[in-house]
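The values are calculated or read from the model by the stated rules, or taken from the named source; none is laboratory data. The structure displayed is predicted, hence computed values, not measured ones. Counting neighbours? That spans all protein chains shown, and the Cβs are built from the backbone with ideal geometry, glycine included. All accessible areas refer to the heavy atoms of the entire protein, side chains included, with ligands and DNA or RNA removed. Shrake-Rupley method; radii C 1.70, N 1.55, O 1.52, S 1.80 Å.
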Amino acid sequence: MKTILIHGFGHRAASWDETVSHMKSSQDVLCPDLPSLLRGREATYPNLYASFTKDCDRLGEPLHLCGLSLGGILALHYASEHPEQVSSLVLIGTPHQIPKTAFALQTVIFRLLPASAFQAMAFPKQDTLALSSSMKDLELSVLPQHIHCPTLILCGAKDRTNLKSAHFFSQSITNAALAIVEGAGPALNEDAPQTLARLLDDFYGHTPC
């Protein structure tokens, strides 16, 4: 069974490399590059989700989905609409609602930054702005009611932005467990890759295939 690790806005697929290197079994682990999924289409959330859905469906088997931030939103969305295709779900630093005020402020800051500031991020400047704008009206808090697969909610103790969301998901998803990682921020795959690998191995070891 395939395990899909989905990166966030500020990261690339390679951000999972160290985590994967510490996992007991990495043979069936896939780390898609989100910009590549668009295949030249406009960088909007509907386009990205449609492309992600098509790629997941193409694999033709139930999946272990693990997403961070934007990746968590995609995984959550897919699991809610295609429960038969998801064997388990892991959400890392994933919001349960879009903070519109913070998003608006972030967009202003992004517009002021030079294009070079986005070189280390997943999407270039214009795509980041377009994608952010297309996400501001997403309704995420209604999605957990459709999810019944084994779910692990992870959040860094220093990720104060998403701690409330982590507790929301752990209480709203029927079969969910919550783990707060001490000393880590939003990007567990970079802040605590060994700990993340251990948590994933333990979770998948107890999750029916």
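Of the residues in the stretch 64-116, how many are without any contact (Cβ under 8 Å) to a residue 60 or more places away in the chain and among the β-branched types (Val, Ile, Thr)?
So the answer is 5.
Can you pull out the residues in the stretch 185-209 that are under 20 Å from HIS146 (Cβ atoms) and loosely packed, with under 14 Cβ neighbours inside 10 Å? Break it down stepwise before answering.
Within the stretch 185-209, the first condition is being under 20 Å from HIS146 (Cβ atoms), and the residues that meet it are 207-208.
Across the stretch 185-209, the qualifying residue is only PRO208.
In the stretch 162-184, what count of residues is obtained for those that are closer than 14 Å to THR94 by Cβ, in contact with a helix residue (DSSP H, G or I) (Cβ under 8 Å, 6 or more places away or on another chain) and not hydrophobic (A, V, I, L, M, F, W, C)?
Residues in the stretch 162-184 being closer than 14 Å to THR94 by Cβ, in contact with a helix residue (DSSP H, G or I) (Cβ under 8 Å, 6 or more places away or on another chain) and not hydrophobic (A, V, I, L, M, F, W, C): 1 in total.
Among the residues of the stretch 167-184, write down those that are crowded, with 18+ Cβ neighbours inside 10 Å and closer than 24 Å to ARG12 by Cβ.
Correct list: VAL181, ALA184.
Somewhere in the stretch 74-81, is a residue open to solvent by less than 20 Å² (accessible area, probe 1.4 Å) and modelled with pLDDT under 95?
Of the residues in the stretch 74-81, the ones open to solvent by less than 20 Å² (accessible area, probe 1.4 Å) are 74-76, 78-80.
In the following step, the residues that additionally are modelled with pLDDT under 95 were identified as none.
No, every residue in the stretch 74-81 fails to be open to solvent by less than 20 Å² (accessible area, probe 1.4 Å) and modelled with pLDDT under 95.
Please count how many residues of the stretch 107-121 are open to solvent by less than 10 Å² (accessible area, probe 1.4 Å) and small (Gly, Ala, Ser).
Initially, the stretch 107-121 is screened for residues open to solvent by less than 10 Å² (accessible area, probe 1.4 Å), giving 118.
Remaining after also requiring small (Gly, Ala, Ser): none.
The number of residues fulfilling the criteria is 0.
Filter the stretch 87-115 down to the residues that are among the hydrophobic types (A, V, I, L, M, F, W, C) and within 13 Å of the chain's Cα centre (by Cα) and list them by number. Let's see the steps before the verdict.
Step one: filter the stretch 87-115 for residues among the hydrophobic types (A, V, I, L, M, F, W, C), giving 89-92, 98, 102-105, 108-110, 112-113, 115.
LEU89, VAL90, LEU91, ILE92 - these are the residues of the stretch 87-115 that are among the hydrophobic types (A, V, I, L, M, F, W, C) and within 13 Å of the chain's Cα centre (by Cα).
Name the residue that is nearest to SER36 (Cα to Cα), counting only residues in the stretch 47-105 that are in a helix (DSSP H, G or I) and of a type in the set (Ser, Thr, Tyr). Step through it out loud before you land on a result.
Step one: list which residues in the stretch 47-105 are in a helix (DSSP H, G or I), which gives 47-59, 70-81, 83-85, 100-105.
This time we only want the ones that are of a type in the set (Ser, Thr, Tyr), so: 49, 51, 53, 78, 80, 101.
Working: TYR49: 13, SER51: 10, THR53: 14, TYR78: 18, SER80: 24, THR101: 29 Å.
The extreme case among them is SER51.
Could you list, in sequence order, all residues of the stretch 133-151 that are part of a helix (DSSP H, G or I) and within 15 Å of ASN47 (Cα to Cα)?
At the first step, the residues of the stretch 133-151 found to be part of a helix (DSSP H, G or I) are 133-135, 143-146.
Those that are part of a helix (DSSP H, G or I) and within 15 Å of ASN47 (Cα to Cα): SER133, SER134, MET135.
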